[in-house]
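Working notes for the structure below.
The values are calculated or read from the model by the stated rules, or taken from the named source; none is laboratory data. Please read these numbers as outputs of a predicted model, since none were measured by experiment. Every residue, glycine among them, receives a Cβ derived from its backbone with ideal geometry; neighbour counts consider all protein chains shown. Note: areas computed on protein heavy atoms with side chains; ligands, DNA, RNA excluded. Shrake-Rupley method; radii C 1.70, N 1.55, O 1.52, S 1.80 Å.
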Amino acid sequence: QVHLVESGGGLVQPGGSLRLSCAASGSIFVIYAMGWYRQAPGKQRELVATITSGESTVYADSVKGRFTISRDNAKNTVYLQMNSLKPEDTAVYFCNALARNRGVDIAYDYWGQGTQVTVSS
C-alpha cells in the first residue's frame, strides 16, 4: 500500500498564492508519476498537473503559466505552487501517485484524501 498525505490548502484571496504538498509513504518500490487533480462542487474531477520521475510535466490549459508542479524523488513528495489564484480554482485538490509496491509487479493508482482550496475575497 501507498499512503498519500496532502497539506497546504486553505482560504486565499484572488491573486494570491498557495503551495500544496503531498508526501507518499509505505512499502514503495518506485513511483512512476505523481500529480494533482481537483474537483469543484457539482463537477467531475479534472487533471491539474502531473510530473514523472524524469520530471516531465503536463498541465491543464486553465492553470498553465500560473501553477508549477515539482517533486522531490528522495522524499517521495510532490508540490504544487499555485500563483495568481482565481475563484474558479476553488476545489478539493487530490494528490495522485502511480506506484509499485515492493514485491509487486503491477503499478496502481493511489489517491490522497484531498485538501480544500478556496479562492474568495
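Rounded to the nearest 5, what is the percent of antiparallel bridges among the DSSP beta bridges in the chain? Mind showing how you got there, number by number?
On the way: 45 of 48 bridges.
Once the DSSP bridges in the chain are tallied, antiparallel ones form about 95 percent.
Think of the range 4-121 as a dipole: +1 on every Lys or Arg Cβ, -1 on every Asp or Glu Cβ, centred on the Cα centre; then among Ser17, Ala33, Val92, Ser17 lies furthest on the positive end. Ordered from longest to shortest, the equivalent ellipsoid semi-axes for the range 1-69 are 23, 15, 13 Å, each the square root of 5 times a Cα gyration tensor eigenvalue.
Put simply, the amide H of Gly16, placed in the peptide plane, has neighbours under 5 Å in Leu85, leaving out anything fewer than 5 places away on its chain. As a length-normalised measure over Cα pairs under 8 Å and 6 or more apart, the relative contact order of the range 62-121 settles at 29 percent.
Across the accessible surface of the chain, with the other protein chains kept in place and a 1.4 Å probe, carbon and sulfur atoms take up 49 percent. The phi torsions of the range 48-54, fed into the Karplus equation with coefficients 6.51, -1.76 and 1.60 and a -60° offset, translate into couplings of 9, 6, 9, 8, 8, 5, x Hz, rounded to whole numbers, with Gly and Pro shown as x.
Plugging the Kirkwood radius over Cα pairs into Stokes-Einstein for the range 34-96, at a temperature of 10 °C and a viscosity of 1.306 mPa s, what D comes out in µm²/s? Show your work: numbers first, answer last.
Numbers: Rh = 12.1 Å.
It comes out at roughly 132 µm²/s.
Computed 3J(HN,Hα) for the range 105-121, one whole-Hz value per residue from the Karplus formula 6.51 cos²θ - 1.76 cosθ + 1.60 where θ = phi - 60°, is 8, 10, 8, 10, 8, 10, 10, x, 7, x, 9, 7, 10, 10, 10, 7, 8, glycine and proline marked x.
If you stretched the chain out fully between Asp72 and Leu47, how much longer would it get, using 0.36 nm times the residue separation minus the C-alpha to C-alpha distance? Numbers along the way, then the final one.
Details: separation 25, 0.36 × 25 = 9.00 nm, distance 2.03 nm.
Once the chain is fully extended between Asp72 and Leu47, it gains 7.0 nm.
Spin-label model, Glu88 to Ser7: label points 7 Å out along the Cα-to-beta-carbon direction sit 3.2 nm apart.
Site pair Ser62 and Phe29 shows an inter-label distance of 3.7 nm when each label is modelled 7 Å from Cα along Cα→Cβ. Here the gap between Val104 and Ser120, fully extended at 0.36 nm per residue and compared with their Cα-Cα distance, gives a gain of 1.3 nm. How are the Cα pair distances of the range 61-121 distributed, in percent, across 5 Å bins from 0? Pairs per bin, as whole percents: 4, 13, 19, 24, 17, 10, 7, 4, 1, 0.
In summary, the lysines within cross-link reach of Lys64, defined as a Cα separation below 16 angstrom excluding same-chain residues under 8 places away, comprise Lys86. For the chain, the solvent-accessible area works out to 53 Å² per residue, with a probe of 1.4 Å and every protein chain left in place.
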